[in-house]
Amino acid sequence: LHNATEQTIGQLDTANEKTHDSTLFKTGPWLENRLMLFDLAYFKYRRFALIDENDGYFVSRLKQNANPLITGELREWRGRAIPLEGKQFRAVLDDLDRKYIDVEVEVEFKRGPYNGTQSLDTKRFRVVGVRDEDADDYHLYMTNLAREEFFPADLAEIYRCRWEVELLFRELKTQYELDEFDTSDKHVVRILSYAALLSLLVSRGLLDLVTEQANDEFVFPTERWAATFRSHAQLILHELGEFLGYSPPPLLGRLIEDAQKIHKQRPILQETLATATQSRCEA
């Protein structure tokens, strides 16, 4: 599931569990003015290039084996700073002790196949490092966001928002049963997926209402709210039905309707046994 926002679901595909999520991410004009936050599983220079060429934006962690060529520094340093231009990124990384790294880099990648061949191409992006003093290391990011609008600390803060994606899927799995389907029918899987997403949307809508009505000092963690919403779902449906004027049928009528034998021509065990014993008794 890609590009889930408060208003829309941009893309929903179903595939078997062995298909990697990143292969279902399709680039195109829909990326214009959108920001993608990627984990390392999506790291691919060609993907980043296509996002940039569709006027979209991305922020990704830098892969451990990524070693782009530095073509320029985007921040001036006072004193005897180590010059970085013209060097491979990994060759100078261990020698740096500055709080931030902010450089322009050039990467090489293969374009999509055309007439049976793949041509090489290059693209320039931005690599940013924010020093983690506790780990004595850098958090490294690749992006096409401009330095004029987004400083290194801004990018680190933006990337932290990606954790909301993890929390969202954990909520969908633990509360709305998106983690496992007891079916291989793709149509049923799609229905169950939408059921989970619709439950999430209703839950968040009610959370907004509760937050609006509650005292300002109250805080409602989304996962705790989701568990509360699920445990009260039947009561909520009952209240909603009454509010909308839908009177449920009498309980006895519902039991009779739902428990009837559907296949009139298919005898059940009790009927077969009763018929057999009755004929013997009569004899």
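The values are calculated or read from the model by the stated rules, or taken from the named source; none is laboratory data. Given the structure is predicted, the values throughout are model-derived calculations rather than measurements. Protein only, heavy atoms only, side chains kept; ligands, DNA and RNA dropped before computing areas. Shrake-Rupley method; radii C 1.70, N 1.55, O 1.52, S 1.80 Å.
Residue-by-condition table, conditions (1) open to solvent by 80 Å² or more (accessible area, probe 1.4 Å); (2) basic (Lys, Arg):
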site: Lys26; (1), (2): yes, yes
site: Asn33; (1), (2): yes, no
site: Tyr57; (1), (2): yes, no
site: Leu69; (1), (2): no, no
site: Glu73; (1), (2): no, no
site: Ala81; (1), (2): no, no
site: Gln88; (1), (2): no, no
site: Asp102; (1), (2): no, no
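Can you name every residue in the range 196-234 that is more than 20 Å from the chain's Cα centre (by Cα) and among the acidic types (Asp, Glu)?
Correct list: Asp208, Glu212, Asp216, Glu217.
Considering the range 161-200 alone, what residues qualify as being within 14 Å of Ala227 (Cα to Cα) and open to solvent by 90 Å² or more (accessible area, probe 1.4 Å)?
Arg170, Lys173, Glu177
Counting residues that are within 23 Å of Phe151 (Cα to Cα), within 18 Å of the chain's Cα centre (by Cα) and modelled with pLDDT of 85 or more, which strands (runs of 3 or more DSSP E) fully inside the range 1-79 reach at least 2?
35-38, 57-61
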